[in-house]
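Q: Okay, handing you the structure first.
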Amino acid sequence: MIADLVFPPARGRIRPARFVRRSHVPLAAACVVASSLRETLRELVGACEVVLGEPAAIDEMAWRALARGSHCFLTRGRRTDIVLVIPILDARRLVLRAFGEASEYDSAPISALESHALERIAARCAHAFDALCAERRGPAIAIPARDIPACAAYFDVRVSAPLPITLGIGIVRDLPVPAAGPGIDSLKLREILVEARAEFASGMVSARDLAMLRVGDVVRLDTKVGAPAALKVGPTTIAVGNCGFADAHTAFLVRTSSTIGDSP
């Protein structure tokens with residue numbers, strides 16, 4: 001939760017802050033889709049380079065604008081359905097490249113034979129959506145503009161070489177929010193012991209010097225004398241303070257703590 005949001009004066013160079021709805025599509029799943037599409041395109045048009053756009057939540061108006069004037073192919077899945085969006089010009093370029101024809105004819109209308117070839121290409125691409133669908137339920141099918149379902153999330157895969165095209169990926173039902181693991185009653189944790197350590201100095205030592213350490217050697221550290229020490233549990237710093245002694249034992253005086261607030 002954001003408790004405060006303040007921008008320093010910048011003479012109008014900072015745009016007003018706004019909040020947007022985020023997609024629940026994991027970036028890792030989108031990366032798997034992009035990688036799989038790259039391998040499929042490699043088989044069809046040769047080695048290619050792709051750039052992945054970050055998944056974003058969209059409304060119906062934005063989705064209709066993205067799908068307008070494009071060839072769309074629907075792949076149904078158990079978890080969600082996927083719409084592959086190929087702009088008309090990019091579809092023409094893709095088919096020409098697959099047929100080995102010259103690209104100067106890419107502005108001509110797509111023929112029935114080329115449309116059939118495009119459907120076959122879309123069917124080949126459908127296996128890339130397994131990371132999102134969880135389980136495909138049927139092949140990719142061409143969808144008329146009037147029947148294209150609205151999508152809740154979208155990302156694109158942009159191909160920069162050997163031909164510039166963009167493949168849009170529309171997610172009909174946004175993926176569910178990842179469920180948190182089962183909670184643990186805080187009362188049950190009170191008697192559990194955790195190992196804590198006080199780190200009062202740190203520095204860098206070369207591997208060569210470390211290997212040559214002998215009894216009596218002095219290792220100079222980067223921390224200055226009197227600098228605050230850190231109380232850590234594992235890699236996490238939970239408090240900052242000073243090291244000392246109490247009742248013949250080493251002790252740590254807490255100055256600030258990330259768990260109980262700033263109090264000496």
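Q: Residue by residue through region 39-50, note down the ones that are open to solvent by 30 Å² or more (accessible area, probe 1.4 Å), within 25 Å of Arg136 (Cα to Cα) and either modelled with pLDDT of 90 or more or not basic (Lys, Arg) (or both).
A: Correct list: Glu39, Glu43, Leu44, Val50.
Q: Would you mind telling me which numbered condition in (1) under 23 Å from Arg21 (Cα atoms); (2) touching a Ser or Thr at 6+ places or on another chain (Cβ under 8 Å) Leu66 fails?
A: Unmet condition: (2).
Q: For region 71-91, give me each residue that is surrounded by fewer than 21 Cβ atoms within 10 Å (Cβ to Cβ), touching a Gly at 6+ places or on another chain (Cβ under 8 Å) and under 18 Å from Arg137 (Cβ atoms).
A: Matches in region 71-91: Arg76 only.
Q: From Pro144, Pro162, which residue is free of Cβ contacts under 8 Å to residues at least 12 places away in the same chain, open to solvent by 30 Å² or more (accessible area, probe 1.4 Å) and not acidic (Asp, Glu)? Break it down into steps so the answer makes sense when it comes.
A: Working: Pro162 fails: free of Cβ contacts under 8 Å to residues at least 12 places away in the same chain.
Criteria check complete, one pass: Pro144.
Q: Output the qualifying pairs, or none if there are none: Cβ atoms under 6 angstrom, residues six or more apart or on different chains, first residue in region 208-226 and closer than 23 Å to Gly244 by Cβ, second residue in a loop (DSSP other than H, G, I, E, B) and among the hydroxyl-bearing types (Ser, Thr, Tyr).
A: Thr223/Ser202
Q: Also, quick follow-up: Among the residues of region 90-111, is there at least one that is polar (S, T, N, Q) and part of a helix (DSSP H, G or I)?
A: Looking through region 90-111, at least one residue is polar (S, T, N, Q) and part of a helix (DSSP H, G or I).
Q: Same structure, new question: So Ser23 fits all but one of (1) surrounded by 15 or more Cβ atoms within 10 Å (Cβ to Cβ); (2) under 26 Å from Pro162 (Cβ atoms); (3) touching a residue at least 24 places away in the same chain (Cβ under 8 Å); what number is the exception?
A: That leaves (2) as the condition not met.
Q: Right, something else. Please pick out the residue among Glu119, Glu54 that is assigned to a loop (DSSP other than H, G, I, E, B) and either among the hydrophobic types (A, V, I, L, M, F, W, C) or touching a residue at least 24 places away in the same chain (Cβ under 8 Å) (or both). Give the derivation first.
A: Working: Glu119 fails: assigned to a loop (DSSP other than H, G, I, E, B).
Result: Glu54 is the single residue among Glu119, Glu54 that is assigned to a loop (DSSP other than H, G, I, E, B) and either among the hydrophobic types (A, V, I, L, M, F, W, C) or touching a residue at least 24 places away in the same chain (Cβ under 8 Å) (or both).
Q: Within region 57-73, which residues are touching a Leu at 6+ places or on another chain (Cβ under 8 Å) and part of a strand (DSSP E or B)?
A: His71, Cys72, Phe73
Q: Considering each of Ala152, Ala122 in turn, give the residue that is open to solvent by 20 Å² or more (accessible area, probe 1.4 Å) and either within 22 Å of the chain's Cα centre (by Cα) or closer than 12 Å to Leu84 by Cα (or both).
A: It is Ala152.
Q: So, in region 204-242, exactly how many residues are among the charged types (D, E, K, R), within 27 Å of Leu253 (Cβ to Cβ) and surrounded by fewer than 10 Cβ atoms within 10 Å (Cβ to Cβ)?
A: Within region 204-242, residues that are among the charged types (D, E, K, R), within 27 Å of Leu253 (Cβ to Cβ) and surrounded by fewer than 10 Cβ atoms within 10 Å (Cβ to Cβ) number 3.
Q: Another question, then. Could you list, in sequence order, all residues of region 219-243 that are part of a strand (DSSP E or B) and touching a strand residue (DSSP E or B) at 6+ places or on another chain (Cβ under 7 Å)?
A: Ala229, Ala230, Leu231, Lys232, Val233, Thr237, Ile238, Ala239, Val240, Gly241, Asn242, Cys243
Q: Go through (1) small (Gly, Ala, Ser); (2) free of Cβ contacts under 8 Å to residues at least 60 places away in the same chain; (3) touching a Lys or Arg at 6+ places or on another chain (Cβ under 7 Å) and name the single condition Gly77 misses.
A: All conditions are met except number (2).
The values are calculated or read from the model by the stated rules, or taken from the named source; none is laboratory data. What you see is a predicted model, and the numbers here were worked out from it, not measured in a lab. Glycine also receives a Cβ, built like all others from the backbone with ideal geometry; neighbour counts cover every protein chain displayed. We work out accessible area using only protein heavy atoms, side chains counted, and drop any ligands, DNA or RNA first. Shrake-Rupley method; radii C 1.70, N 1.55, O 1.52, S 1.80 Å.
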